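Taken together, the values in this text are just the output of simple stated rules run on the coordinates, not laboratory data. Please read all numbers here as calculations on a predicted model, not as lab measurements. Neighbour counts are summed over all protein chains in view; Cβ atoms, including those assigned to glycine, are modelled from backbone coordinates with ideal geometry.
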Amino acid sequence: MGQQPNIELEESDLPRKTPEPAPARRWRPTKAGLITSPEQKPVGGAFGHIGPDHGWAQRVVDAVELPDPDPDLRDVVVGLTQARAASFGRAPVREDVEVALILCGYGDNPPPDRIERRALWLAAAPHDKRPGQTAVQDVNPEYLRMKPAELRYALKNG
């Protein structure tokens, strides 16, 4: 609506600008060692390969019915699942659990050395600093990156 010509507006009657908040300050990490960019992610050596979400491995393993109710087997499978997922740079999936179980000697006609290694890994599991650490260090990294069918073939044929 326009202004009537016979009414004079004073400065106090005119619309005012509403104050706006200042721009947000730039965020900075407050904790030492907090990773804020992909370039800062440590790789190799004592750090290994850090995956996106290792806690998810426990949930994925819990969703699968393990062939043995031994809690040490769960720890070994979680460790191998985490290692395989981290080698691909992604969160753990069900196929990672399948590969971990094959490496532990479960499945169709496992080689005898797999069963022996599983026994060693299960005996070492309660003493591992991280779940399945002994198993992860003992497994050939190439095996972790194979598909389940390729891994079965590689283990049977040497």
Q: Between beta-carbons, use under 14 Å as the cut-off and find the net charge around Trp121, counting Lys and Arg +1, Asp and Glu -1.
A: -3
(Q) Show me the ranking of peptides 5-14, 92-101, 71-80 by mean Cβ neighbours inside 10 Å, starting with the highest. (A) 71-80, 92-101, 5-14
Q) Given that compact globular proteins tend to follow 2.2 N^0.38 Å, what is the ratio of the alpha-carbon Rg of the chain to that value? A) 1.90
Q | Area projected by the alpha carbon convex hull of segment 78-158, averaged over all directions, nm² | A | 4.9 nm²
Q | Footprinting exposure proxy for Arg118, Arg90 (fewest neighbouring C-beta atoms within 10 Å first) | A | Arg90, Arg118
